[in-house]
Amino acid sequence: MKLIKTAGSDSKQPPEDIVRYTTCGEHCFNWCVIKVHIRDGKIWAIEPDDTLNPGMPREDGQLSDELIDGCMITTRPCTKGYAHIRNLNAPNRLLYPVKRVGERGEGKFERISWDEALDTIANKLKYHKEVHGPLSIGDVAHDGFVLSPWFGAGVADWGAHSKQGADEPGRWVLGMDGHEDRQDEGNLLKSKLILLWGFNPATTMSNHVVYTLLRARERGIPVISIEPRYTPTAEAVASQWIPIRPTTDVAMMIAMANVWFKEDLCDKEFIKKWVDPDGLQRWQEYVLGKSDGIDKTAQWAETICGVPAETIVEFARLYARSKPVNLNTAWTLGRQFYGENGIRAAMYLQALTGNTLSPGGTASAESAGPFAQHEPTLPRPFVDWQCSSGTYEAPVLMAHFKWPEAIALREKLDKGEMTEIEYNRIIGNTPGNPPPDIKMIISIIN
């Protein structure tokens with residue numbers, strides 16, 4: 001067949017793309033390798049990495065189970081990774097410093113030089129420190145802005161809503177610090193039941209694990225999603241979706257433990273060896289209502305979480321007889337008020353059934369974060385300030401999410417319309433600490 005050139009068509013061939021391999025710049029810890037196509041100096045297409053197992057859209061049937069179970073598979077980015085091109089080429093992407101020229105909220109800005117931007121910030125920092133004192137500079141990055149040890153001013157805070165809601169319970173319950181409780185993806189395939197509690201990997205961090213979850217389901221391992229929303233993970237991966245009201249997970253977990261205590265479904269051998277007896281007795285008395293007169297039954301939980309009592313009971317029984325259970329609690333549980341209790345209760349469930357850190361099981365604290373084999377092994381870049389350590393330590397004077405209240409209510413404190421005790425209580429400051437007087441916020445977004 002001969003192609004006929006039509007009138008007005010361009011006979012020029014499109015320019016050849018430059019192909020590079022990189023990682024996306026989204027706020028994530030998985031560092032998925034992506035293949036990018038560059039044309040006329042711009043990235044115009046993004047694909048998954050093809051340096052491992054090239055030409056295999058799916059490794060099943062082409063590689064041995066041993067290799068696949070060991071996760072020798074192509075890293076497939078999440079939707080954020082594929083959509084990263086939109087951020088790179090967005091017309092409103094900020095590429096240079098700007099300053100506000102209109103009224104606050106008008107959205108009017110003009111471009112300025114880097115020299116002007118840095119001088120403005122430095123002068124403002126010096127002004128507020130001299131006029132309002134060292135407690136006038138806040139930082140939404142949790143530990144005080146990066147130069148505060150040398151600058152001698154700044155306020156720090158506690159309870160950042162990143163993954164501290166999972167980290168702290170891990171220290172309380174397991175005595176673990178850092179990432180000692182992470183699992184690798186192959187561990188999922190050793191379980192008899194996989195639970196995704198608030199974990200939606202199809203569209204969020206750890207997207208690559210969806211492949212392993214699908215393989216687990218194909219092998220007959222049930223996958224249950226417990227989520228308020230019917231997510232893509234619940235649609236494509238889960239064998240069953242249990243909808244639950246937001247922030248009520250603890251009630252359902254407590255009711256499950258209630259079933260186990262009453263029906264003698266706990267792993268007594270594991271508990272005797274690894275669980276603190278005094279702590280267990282106090283929690284059991286609370287769950288069964290002996291300490292407060294409220295029996296935390298499935299019927300009690302249904303009125304709170306919206307999950308039918310019958311579903312809670314049968315799910316608890318399935319959980320107890322399916323050892324090992326791979327329970328994955330996402331950081332979303334910790335990113336809510338009193339979120340540490342959801343993570344802590346999930347760790348209790350794993351301990352009561354003898355699933356804590358067993359082959360195929362999880363500790364459930366970090367289990368839905370970055371999976372172990374995807375942690376970067378190369379040194380990360382850092383800034384060497386080439387100077388001695390600073391001497392100023394920013395005092396912790398408020399909860400991480402309370403800085404708007406700290407600013408808005410300070411005027412009432414200064415006018416005597418609010419006591420210092422009242423002010424500190426509202427912003428999460430320890431009684432007796434000096435109140436912050438925030439006049440400037442440093443927000444560094446990477």
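The values are calculated or read from the model by the stated rules, or taken from the named source; none is laboratory data. Keep in mind that what you see is a predicted model, and the values were worked out from it rather than measured. Note: ideal-geometry Cβ built from the backbone for every residue, glycine included; neighbour counts use all protein chains shown. Areas reflect the complete protein model, heavy atoms only, side chains present, ligands, DNA and RNA absent. Shrake-Rupley method; radii C 1.70, N 1.55, O 1.52, S 1.80 Å.
Per-residue answers, yes or no, for (1) buried (at least 24 other Cβ atoms within 10 Å of the Cβ); (2) modelled with pLDDT under 90; (3) closer than 28 Å to TRP158 by Cβ:
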position	(1), (2), (3)
TYR319	no, no, no
SER322	no, no, no
TRP331	no, yes, yes
GLY334	yes, yes, yes
TYR338	no, yes, yes
ASN341	no, no, yes
ALA346	yes, no, yes
LEU352	yes, no, no
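Taking first residues from region 79-103 that are without any contact (Cβ under 8 Å) to a residue 60 or more places away in the chain and partners that are part of a helix (DSSP H, G or I) and open to solvent by less than 90 Å² (accessible area, probe 1.4 Å), the Cβ contacts under 6 Å between residues at least 6 apart in sequence or on separate chains come to PRO97/ALA117. Applying a threshold of 9 Å to beta carbon distances and a minimum spacing of six or more residues, or different chains, the list of pairs starting in region 405-432 at a residue that is within 21 Å of GLY159 (Cα to Cα) and at pLDDT 95 or above and ending at one that is exposed (fewer than 13 other Cβ atoms within 10 Å of the Cβ) and among the hydroxyl-bearing types (Ser, Thr, Tyr) reads ASN424/THR430.
One line per residue, one yes/no per condition, for (1) in contact with a helix residue (DSSP H, G or I) (Cβ under 7 Å, 6 or more places away or on another chain); (2) more than 30 Å from PRO48 (Cα to Cα); (3) assigned to a helix (DSSP H, G or I); (4) touching a residue at least 40 places away in the same chain (Cβ under 8 Å):
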{"site": "GLN183", "(1), (2), (3), (4)": "yes, no, no, yes"}
{"site": "SER206", "(1), (2), (3), (4)": "no, no, no, yes"}
{"site": "ILE226", "(1), (2), (3), (4)": "no, no, no, no"}
{"site": "TYR230", "(1), (2), (3), (4)": "no, no, no, no"}
{"site": "GLU235", "(1), (2), (3), (4)": "no, no, yes, no"}
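Might you check whether a residue that is under 32 Å from the mean Cα position of the chain (by Cα) and at positive phi occurs anywhere in region 166-173? No, every residue in region 166-173 fails to be under 32 Å from the mean Cα position of the chain (by Cα) and at positive phi.
Counting just the residues of region 394-417 that are acidic (Asp, Glu) and assigned to a helix (DSSP H, G or I), which one comes out surrounded by the most Cβ atoms within 10 Å (Cβ to Cβ)?
Restricting attention to region 394-417, the residues satisfying the condition of being acidic (Asp, Glu) are 405, 411, 414, 417.
Narrowing the set further to residues that are assigned to a helix (DSSP H, G or I) leaves 405, 411, 414.
Details: GLU405: 15, GLU411: 10, ASP414: 12.
Looking at the filtered set, the residue picked out is GLU405.
The number of residues in region 321-355 that are of a type in the set (Gly, Ala, Ser), out of contact with any Leu (no Cβ under 8 Å at 6 or more places or on another chain) and within 21 Å of LEU265 (Cα to Cα) comes to 3. Of the conditions (1) of a type outside the set (Ser, Thr, Tyr); (2) assigned to a loop (DSSP other than H, G, I, E, B); (3) exposed (fewer than 15 other Cβ atoms within 10 Å of the Cβ), ASN429 clears all except one; give me its number. (3) is the only condition that ASN429 fails. Filtered by the rule that a residue be modelled with pLDDT of 80 or more and assigned to a loop (DSSP other than H, G, I, E, B), region 145-174 gives LEU147, GLY152, ALA153, GLY154. Contact map, region 305-319: first residue within 20 Å of GLN350 (Cα to Cα), second residue loosely packed, with under 15 Cβ neighbours inside 10 Å, Cβ cut-off under 8 Å, separation 6 or more or different chains; pairs are ARG317/GLU263. In this structure, does GLN240 turn out to be touching a helix residue (DSSP H, G or I) at 6+ places or on another chain (Cβ under 8 Å) and of a type in the set (S, T, N, Q)? Considered against the rule, which asks whether it is touching a helix residue (DSSP H, G or I) at 6+ places or on another chain (Cβ under 8 Å) and of a type in the set (S, T, N, Q), GLN240 comes out as no. Residues in region 187-204 that are outside any loop (DSSP other than H, G, I, E, B) and either more than 15 Å from PRO324 (Cα to Cα) or open to solvent by less than 10 Å² (accessible area, probe 1.4 Å) (or both): how many? Residues meeting the conditions: 6. On the given criteria, is THR303 open to solvent by 80 Å² or more (accessible area, probe 1.4 Å) and on the phi > 0 side of the Ramachandran plot? No.
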